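The structure under discussion appears below in the form of structure tokens.
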Amino acid sequence: MRLEANEKGFFGEFGGAYVPEMLYPNVRELQDRYVEITGEAAFQRELNELLRDFAGRPTPLFAGRRLSALFGCEILLKREDLLHTGAHKINNTIGQILLAKRLGKTRIIAETGAGQHGVATATVCALMGMPCVVYMGEVDMQRQALNVGRMRMLGAEVRGVSSGSKTLKDATNEAMRDWIANPHDTHYIIGSVVGPHPFPDMVARFQSVISREIKEQCHVLGGRQPTHVIACVGGGSNAMGGFFHFVEDEKVALIGVEAAGCGISSGRSAATTALGQPGILHGSRTLFMQSEDGQVEEAHSISAGLDYPGIGPQHAHLHTTGRVQYVSVTDDESLEGAKLLARQEGIIPALETAHAVAYLSKMRFSGSERVVVVVSGRGDKDMGTYLERLGEGISR
Amino acid sequence: MTCSRFLQLPAERALSVFFTAGFPRLGDTMPILEALQESGVDMAEVGFPFSDPVADGPTIQESNLVALGNGMTVATLFEQLSGLRRSGVTMPVLLMGYLNPLERFGAESFFARAAECGVDGLILPDMPFDEYLDRYRALFKKERLKPVFLVTSRTSEERIRAFDAEEPAFLYVLSSDAVTGGRAAVSEERDAFFKRLKEMRLKSKLIVGFGVSDRESFNAVTRHTAGAIIGSAFVRAVAEAKDDAGLREVTKNFIAGVR
């Protein structure tokens, strides 16, 4: 199958641009121009230079020897955690700020959950000398205080959001309200493959560098393409980037790992494919957790980056068609995943990434597999949670 | 078929009021509509609540959450409105809200129930015009409900003419770039926008909303248009009402303060 939006921005039955008239001109301008602008040779040159010299691409595809021995198959780690700012998010923010400049925008806004997208946005705004406002739920500001400090040091204004669940969903609402109020000068850098068309497609294209490199690097590492690609899914941007160039190759099994929180049936979960229904949220038709009456339900995950009640429309489509297998791991399992990667390979992953790692323990391997795990981010921001939740167990 | 109630609207200075169904108390929907009718309001918009109203400011967001906390649902709202036209409410009444609760209820049933209750039109801010043409227009026609389209100072003339051709209940003209509950934009710029619309000689009435809160702003925006909608300011006013008598009192005083 192919993963292309139709002219109205739909992937199968999911996607589209459900925005109020106040945002129509902005969204329409992006729809009309993003393919052309991002395709220009000068744009691509500037993007690739910044990805290389500023962000640190390409990132290594590291053969995890001890993990491979443990699971009895070949495990390769795509090291997005080594990027500048510590996660894959910067692939997208560099792309979008170059686009915003070409559209003549002079002010940037963003939403953030774990703070990684906020930091990546604040970083490129500092780089380009543009004012930056980041909306962040108050709950997330507490649990990701380090990233709040980083954004402020980079010169961004962090606005706390106290409505609803005070997490990513509410920060997204508030960023959209800001864009409605400031449509002329402002570009909204959405951080995941969510939102009205063209954001899901545009963000996926900017993140697709992950799977492009995996393909090239697998070629160098013995020529064999992966049998599996595994990535965590909140909104789904690192997974979309990791899957992008493999979607058409049905021989490659694609696995998206969602956050089960306290357990799928616990009432405190963020496992959208298990619990969600189709509906319209944040500008697109997609799958999200909602009540019988169509009210959006609050998600729960130990990981602020996965704590979102929906997934992007491409993921909803890939789930419905069965091309990608979506699974979930609990908060507790993710903590074990983090410890596993730290102890076996010397890499402390972000809590989000820890979900993808943890799923390895639930798989059965025959020995011939070549499994790529997207290590979407590093764990510095989560040390507080690790210390608190692992307690004594951190040294055992 | 009964004659469209929108024909009753006065040619100028029509006053329309928005409120959130189920706020401040679950059962306040009909009492508020009756109080608005008694106070001489020309039209009412009943908001069906949504957990994530992105086009709304803090006042209406909060009223949505309170209404949902009170147990308001789409099904409950239709039960409350089932006696709408037997209660002495003769003005046009529209429902306003986001697509997801409507879709979850089932679009066909939603339109049918609204029509059965004697509702006259629907305002769905996150309904894309494309989707209206492809899918919802047939439902509006089938149930003889009128759509409403939002127009901002950045909406192209071509698009406004396409809206006008659909014979909406009215064009909902936004007074400023903002979510609900804000302040109306600088008047010169805004008046130029209203005049430009007026000069287009559209078939549809121009009714201004967003940022209209009192007599001063009502008078200012209705100089060049057919009327205006007050939402957040009224929602703030009724928040204080403790019982039906209080609602009537608050509503009467509020409307007297605008007119």
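The values are calculated or read from the model by the stated rules, or taken from the named source; none is laboratory data. What you are looking at is a predicted structure, and each value in this text was computed from that prediction instead of being measured. Cβ atoms come from the backbone with ideal geometry, glycine included; neighbour counts cover every protein chain shown. Areas reflect the complete protein model, heavy atoms only, side chains present, ligands, DNA and RNA absent. Shrake-Rupley method; radii C 1.70, N 1.55, O 1.52, S 1.80 Å.
List of remarks:
- All positions within the range A:68-91 that are buried (at least 22 other Cβ atoms within 10 Å of the Cβ) and of a type in the set (A, V, I, L, M): A:75, A:76, A:77, A:83, A:87, A:90
- When the range A:1-44 is filtered for residues that are farther than 16 Å from residue A:100 by Cα, within 9 Å of chain B (Cβ to nearest Cβ) and assigned to a helix (DSSP H, G or I), the ones remaining, listed by number, are A:21, A:22, A:24.
- Applying the set (1) within 14 Å of chain A (Cβ to nearest Cβ); (2) surrounded by fewer than 23 Cβ atoms within 10 Å (Cβ to Cβ) to residue B:174 leaves exactly one unmet item: (2).
Here's the yes/no breakdown for (1) within 14 Å of chain A (Cβ to nearest Cβ); (2) assigned to a helix (DSSP H, G or I):
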| position | (1), (2) |
| --- | --- |
| B:33 | no, yes |
| B:37 | no, yes |
| B:54 | yes, no |
| B:61 | yes, yes |
| B:79 | yes, yes |
| B:85 | no, yes |
| B:94 | no, no |
| B:102 | yes, yes |
| B:114 | no, yes |
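- Screening residue A:298 against (1) within 14 Å of another protein chain (Cβ to nearest Cβ); (2) assigned to a loop (DSSP other than H, G, I, E, B); (3) buried (at least 24 other Cβ atoms within 10 Å of the Cβ) leaves a single unmet condition, (3).
- Flag set for residue A:348, criterion: β-branched (Val, Ile, Thr) and open to solvent by 30 Å² or more (accessible area, probe 1.4 Å).
- First in the range A:43-56 and within 16 Å of residue A:87 (Cα to Cα), second anywhere and open to solvent by 70 Å² or more (accessible area, probe 1.4 Å), Cβ under 6 Å, 6 or more apart: A:55/A:84; A:56/A:84
Per-residue answers, yes or no, for (1) basic (Lys, Arg); (2) within 14 Å of the chain's Cα centre (by Cα); (3) outside any strand (DSSP E or B); (4) over 30 Å from residue A:344 (Cα atoms):
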position: A:78; (1), (2), (3), (4): yes, no, no, no
position: A:81; (1), (2), (3), (4): no, yes, yes, no
position: A:90; (1), (2), (3), (4): no, yes, yes, no
position: A:93; (1), (2), (3), (4): no, yes, yes, yes
position: A:98; (1), (2), (3), (4): no, no, yes, yes
position: A:108; (1), (2), (3), (4): no, no, no, yes
position: A:111; (1), (2), (3), (4): no, yes, no, yes
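- Hey, residue B:179 in contact with a helix residue (DSSP H, G or I) (Cβ under 7 Å, 6 or more places away or on another chain) and within 14 Å of another protein chain (Cβ to nearest Cβ) or not: yes
Every residue, every condition in (1) more than 14 Å from chain B (Cβ to nearest Cβ); (2) under 18 Å from residue A:310 (Cα atoms); (3) part of a strand (DSSP E or B), yes or no:
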| site | (1), (2), (3) |
| --- | --- |
| A:118 | yes, no, no |
| A:125 | yes, no, no |
| A:141 | yes, no, no |
| A:147 | yes, no, no |
| A:179 | no, no, no |
| A:184 | no, no, no |
| A:187 | yes, no, yes |
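- Some residue of the range A:118-129 being under 19 Å from the mean Cα position of the chain (by Cα) and of a type in the set (Ser, Thr, Tyr): yes
- Pairs linking a residue in the range A:305-321 that is part of a loop (DSSP other than H, G, I, E, B) to a residue that is of a type in the set (Phe, Trp, Tyr) and modelled with pLDDT of 95 or more, with Cβ atoms under 7 Å and 6 or more positions apart or on different chains, are A:309/A:288.
- Of residues in the range A:149-177 being facing chain B (nearest Cβ under 9 Å) and more than 21 Å from the chain's Cα centre (by Cα), the one surrounded by the most Cβ atoms within 10 Å (Cβ to Cβ): A:177
- If you go through the range B:1-53 and keep only what is of a type in the set (A, V, I, L, M) and closer than 30 Å to residue A:290 by Cβ, you end up with B:17, B:21, B:26, B:30, B:32, B:33, B:44, B:46.
- Residue check for residue B:221: free of Cβ contacts under 8 Å to residues at least 40 places away in the same chain, open to solvent by less than 10 Å² (accessible area, probe 1.4 Å) and of a type outside the set (Ser, Thr, Tyr): no
Per-residue answers, yes or no, for (1) open to solvent by 20 Å² or more (accessible area, probe 1.4 Å); (2) outside any helix (DSSP H, G or I); (3) more than 25 Å from residue A:27 (Cβ to Cβ):
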residue: B:154; (1), (2), (3): yes, yes, no
residue: B:158; (1), (2), (3): yes, no, no
residue: B:168; (1), (2), (3): no, yes, no
residue: B:181; (1), (2), (3): yes, yes, no
residue: B:191; (1), (2), (3): yes, no, yes
residue: B:196; (1), (2), (3): yes, no, no
residue: B:203; (1), (2), (3): yes, yes, yes
residue: B:211; (1), (2), (3): no, yes, no
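- Scanning the range B:32-51 for residues that are over 21 Å from residue B:113 (Cβ atoms) and either surrounded by fewer than 22 Cβ atoms within 10 Å (Cβ to Cβ) or of a type in the set (Phe, Trp, Tyr) (or both) gives B:37, B:38, B:39, B:40, B:42.
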